[in-house]
Amino acid sequence: MTHWSRRKVALLTAAAGLAPLAGTALRSTATLAQARARVVVVGGGAGGATVAKYMARASDRLAITLVEPAAGYRTCFFSNLYLGGLRSLDSLVHGYDTLASKYGITVVRDSAAGIDPQRRRVHLAGGDSLAYDRLVVAPGIAIRYDAIPGYDAAASGAMPHAWDGGPQITELKRQIESMDDGGVFVLAAPPNPYRCPPGPYERVSMVARYFKAHKPKAKILVLDAKNSFSKQALFLDAWARHYPGMVEWLPADFIGGIESVDAKTLSIKTAAETFQAAVASVIPPQTAGRIARNADLADESGWCPVDPSTLESTRYAGIHLVGDAIIAGAMPKSGFAANSQAKVCAQAIVAALTGAPAFEPRFFNTCWSFLAEHDAVSVGASYRVEDGKIAAVDSFLSGFEESTETRANAARQAEVWYRAFAEDIFG
């Protein structure tokens, strides 16, 4: 095993969360008689579900309530494989039954409508409210419908962003499958920062995989708000190898930026020209989820500042945030990153409320990208807090020199990771 491989395996093992939370105390019946501190978690995604589970694993002295309106969570990560025909939609959905039955977490099927940080209460859309000693907000992202003229919630039905785990992913798949052979699929890629996965360039790869098999005359045009992107050379190489002549990527400097869209005609106007699509996926800029912004947890950037050692809000005491909504230094906005942040957050809350030892926080991230069915690449890093920010201290990236078998093994490894990761969050 190479040094790179050993380092990667070590990072993945540490980040997978299959070992107990550092400093976790054994649960005992003696603690059940004690008054339990109330912790409310808003949002049941990769960050919220993880922090609820890991707090419950750590101590019986916490009464944990998870607020989530959906019966199950549909992962954004691996959703591009559904578009490419490599996964079913059902395989992306995970429920909360085990969190309730095995870990004693109270799951409330409702949405958080407001937060009162002075009285320490969460107001629910259904009319009830929940008192808390500590609150964790994991709201994910919201789409900035004001960012592109002509693109609003209604327009997104015709030009799906499919970026939030909701029903738009099925609509985008329907449009792709209904498109005439020889049509043009246009993807408008967002500026930084944005949630990834789902990655726009993996989406291109998976749509191209479908077209290659079913609509070989189709073309894909990428209109980018950036001049470069993560793993760019690997993607460009893969598109040339797997889908020659099918994919064209146009950077921001070339198109001059997107000026407007027309959902009725499926056209996208840039400073250079207007592009006509048969199917369009427009991915606008993003911001922190609604509840975080409404509760004044976000700053002028639209994202939420936190203490990187505890993930506690720097704007309101007693409120922690994890996942895509936070300002996380060098960490990307990924499900893996949210899961890693959640474990640090869980440890910090358990320490604060029970007197358990606190430990130096360490964070991890890995993202796989499928270029074709048996060709996957990955990027990742480990992080720690330096000078008040989360900084990368070690990293890895797939290289051009990798063999076909190495890439095929990465695809298999990604599938194994998905199963283990879902178990770590929800099981």
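Taken per residue, the accessible surface of the range 363-427 reaches 43 Å², heavy atoms only and a 1.4 Å probe. Taken over the alpha carbons of the range 178-276 as equal point scatterers, the Debye sum produces base-10 log I(q)/I(0) values at 0.13 Å⁻¹ of -0.45.
In the chain, the sites counted are GluC sites (Glu not before Pro) in DSSP loop states with at most 13 other Cβ atoms within 10 Å, and the longest stretch holding none of them, exclusive of the sites, is 1-272. Between the amide H of Gly257 and those of Ala271, distances stay under 5 Å, these residues lying 5 or more places away or on another chain, with hydrogens modeled in the peptide plane. Here the calculated FRET efficiency for Tyr103 and Ala391, from their Cβ-Cβ distance with R0 = 30 Å, stands at 0.40, rounded to the nearest 0.05.
Distance from the Cα centre of the range 66-87 to that of the range 171-247, in angstrom? So the two Cα centres are separated by 19 Å. For the range 359-367, 3J(HN,Hα) computed residue by residue from phi via the Karplus equation (6.51, -1.76, 1.60; θ = phi - 60°) reads 10, 4, x, 10, 10, 9, 8, 9, 10 Hz, glycine and proline entered as x. Ignoring aspartates and glutamates fewer than eight residues from Lys231 along the same chain, the ones with Cα atoms less than 12 angstrom from its Cα are Glu202. A crude spin-label estimate for the pair Glu401 and Arg241, with each label 7 Å from Cα along the Cβ direction, gives 1.5 nm.
Per residue of the chain, the DSSP helices (runs of n ≥ 4 H) give a summed -39500 (n - 2.57) that works out to -9000 deg cm²/dmol at 222 nm. Modelled spin-label separation between Arg362 and Gln118, with each label point placed 7 Å from Cα along the Cα-to-Cβ direction: 4.4 nm. Give the cross-link partners of Lys53 among the lysines, using a straight C-alpha distance below 22 Å as the criterion and excluding same-chain residues fewer than 8 apart. Cα-Cα hits under 22 Å: Lys102, Lys333, Lys343. With each label modelled as a point 7 angstrom along the Cα→C-beta vector, the Gln232-Asp146 pair spans 3.1 nm. Of all DSSP beta bridges in the chain, what percent run antiparallel (nearest 5)? About 55 percent, rounded to the nearest 5. Restriction of the chymotrypsin sites (Phe, Trp or Tyr not before Pro) in the range 329-427 to DSSP coil positions whose beta-carbon has at most 16 other beta-carbons within 10 angstrom yields Phe359, Phe400. Sparsely packed loop sites in the range 261-316 (the trypsin sites (Lys or Arg not before Pro) outside DSSP H, G, I, E and B with at most 15 other Cβ atoms within 10 Å) comprise Lys264.
The values are calculated or read from the model by the stated rules, or taken from the named source; none is laboratory data. Since we're looking at a predicted model, the values are computed, not measured. Note: ideal-geometry Cβ built from the backbone for every residue, glycine included; neighbour counts use all protein chains shown. All accessible areas refer to the heavy atoms of the entire protein, side chains included, with ligands and DNA or RNA removed. Shrake-Rupley method; radii C 1.70, N 1.55, O 1.52, S 1.80 Å.
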